[in-house]
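Each value in this text was obtained by applying a stated rule to the coordinates, not by laboratory testing. Note that the structure is a prediction, hence the values are computed from the model and not measured. Neighbour counts are summed over all protein chains in view; Cβ atoms, including those assigned to glycine, are modelled from backbone coordinates with ideal geometry.
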Amino acid sequence: MRSILVGMMLVGLAFAALSQGWAPHEPIYIHSDAGFTWENGVVKGSGTAGDPYVIEGWVIDTRGHDYGIYVDGTRAHFVIRNCQIRYPQERAGIFLSNVRNGRIEGNAIFGGKIAIHLLASQNVTITGNAIGFCDYGILVGGASQNNVIYGNALFSCGFPAKDEGMNNAWHQGGRGNYWSDYRGSDFNKDGIGDTAYELVPDVYPLMEPPVTLPPEATPMRTVDLAKVGERGIVALAPGTLVRLVAQDIGVGVDKIFFRFDSGDFQAYSEPFPLPDRAMIRMEYYAVDKLGNREPTKTLVIYLDIHPPVTRIIAGTPSYLAPDGKLWITSRTPIELRSEDASGVTNIFFRIDGGDWRHYTGFFTVPGPEGPHKIEYYAIDAYGNREEVQTAILWKDDSAPVTQPSVSGQ
């Protein structure tokens with residue numbers, strides 16, 4: 001009788017939450033089909049294709065936890081929808097591992113490392129989600145196949161998407177996803193980009209977001225005060241919530257105190273917004289559990305609104321001719337070097353109009369002798385994207401030919 005009463009109470013709470021909007025919930029961990037329970041946020045359903053389990057209507061603050069919603073090793077049909085998952089700082093907002101028959105729909109996920117991560121999962125649909133201010137937006141890991149991702153909107157993510165699986169579709173019915181860093185055009189004004197998105201095979205990228213983030217969505221970054229560096233400078237995105245952490249080798253840190261611009265020191269308790277200025281001067285110190293206090297230090301915070309700047313560098317052998325042509329060979333290593341205030345960038349390039357590739361290190365230029373076009377750009381950790389840069393490299397693999405000459409008397 002007690003379990004029935006508890007179940008009835010949970011049902012009532014769940015439907016009350018749905019009728020009033022989002023309700024708070026602890027992070028959800030499901031390790032098998034048996035884990036789809038009321039305690040784990042399931043509000044209805046039996047797990048069949050016609051009546052899937054439904055996890056709906058929850059707001060999950062992921063700070064201090066590795067995941068917002070974690071599902072592993074399931075075969076039942078389920079839907080995660082209309083949830084708000086905030087600040088997955090450790091791992092991911094929604095993580096599906098070895099899952100079949102899932103659907104992630106209409107959620108808002110923002111301010112963390114990875115918004116949605118699939119690993120060895122199949123037949124999962126991801127649609128209608130608003131994702132923002134994450135290091136990775138949607139990451140489809142190895143052995144994930146036959147998944148469909150469309151109708152989502154991704155805003156200001158350092159690496160919006162990555163697909164390491166097979167046979168995954170990034171569009172459906174002529175609709176792809178909205179990417180805030182997409183720079184293509186729409187000449188026929190049908191709302192679909194005329195060229196594919198570079199990072200994943202989305203050949204129908206949307207020009208306008210089909211869904212938007214909630215007004216309270218904002219980036220959040222952890223500032224490790226023990227790793228700030230000698231210069232005492234960091235770059236953060238405008239509107240960032242700042243989480244302060246410090247380290248003590250002995251008994252551990254008890255409190256951190258900080259202030260802005262010679263104001264009063266206050267004890268750090270939770271992430272806070274930055275003042276709306278281009279440069280912010282913050283003083284801070286930490287106290288350990290024995291009362292030992294470090295000297296007051298200064299941190300200068302710049303708000304990073306500028307895209308990275310990338311240069312192309314040709315190794316040896318190479319030759320810059322007086323007419324400005326840069327000559328290389330098939331074995332010349334080509335480097336792309338990007339600089340950005342935030343210090344973290346992802347660089348992409350393509351050769352002679354081919355597929356875009358993620359730059360991970362030196363590359364060489366294949367093909368015949370003559371001119372080759374290298375295009376490249378970078379995205380920083382806050383989604384600021386550089387305009388596509390172009391360089392023409394002239395390739396010469398032929399040795400000189402010396403012709404003997406005999407002059408007569």
Work out, step by step, the length gained on full extension between residue 279 and residue 401: first 0.36 nm times the residue separation, then minus their alpha carbon distance; give nm to one decimal.
-> 37.9 nm
Please give the helix 2-20 orientation as an angle from the longest Cα principal axis of the chain, in degrees from 0 to 90, rounded to the nearest 10.
-> 60 degrees
Within the under-14-Å Cβ sphere about residue 151, not counting residue 151, Lys/Arg +1 and Asp/Glu -1 give a net charge of 0
Stretch in the chain that is longest and holds no GluC sites (Glu not before Pro) that DSSP places in a loop and that have at most 13 other beta carbons within 10 Å | 231-368
Measuring from its Cα centre, the stretch 220-303 shows a charge dipole (+1 at each Lys and Arg Cβ, -1 at each Asp and Glu Cβ) which, in debye to the nearest 20, is 140 debye
What per residue convex hull volume, in Å³, do the alpha-carbon atoms of the stretch 220-303 yield?
-> 90 Å³
Counting only DSSP beta bridges with both residues in the stretch 102-183, tell me the antiparallel percent, nearest 5.
-> 5 percent
May I ask for the net charge around residue 73, where only other residues with Cβ less than 11 Å from the Cβ of residue 73 are counted and Lys, Arg are +1 while Asp, Glu are -1?
-> 0
Add -39500 (n - 2.57) for each DSSP H run of 4 or more in the chain, then divide by its residues: what number comes out at 222 nm, to the nearest 500 deg cm²/dmol?
-> -1500 deg cm²/dmol
Per residue, the convex hull volume that the Cα atoms of the stretch 2-179 enclose (Å³) = 108 Å³
Percent relative contact order for the chain, counting Cα pairs under 8 Å at least six residues apart, stands at 8 percent
Tally the DSSP beta bridges in the chain and give the antiparallel ones as a percent, rounded to 5.
-> 40 percent
Where does each of 207, 282 land when they are ranked from fewest to most other beta-carbon atoms within 10 angstrom?
-> 207, 282
Please work out which option in [x] 22.1, 67; [y] 23.2, 73; [z] 26.2, 122 gives Rg and Dmax of the Cα atoms in Å calculated from these coordinates, and answer with its label.
-> [z]
Around residue 90, with a cut-off of 11 angstrom between Cβ atoms, what is the net charge of the other residues, counting Lys and Arg +1 and Asp and Glu -1?
-> +2
Working out 0.36 nm times the residue gap between residue 335 and residue 375, then minus their Cα-Cα distance, what length gain in nm do you get to one decimal?
-> 13.1 nm
Residue farthest toward the positive end of the dipole of the chain, with Cβ of Lys/Arg at +1 and Asp/Glu at -1: which of 184, 76, 115?
-> 76
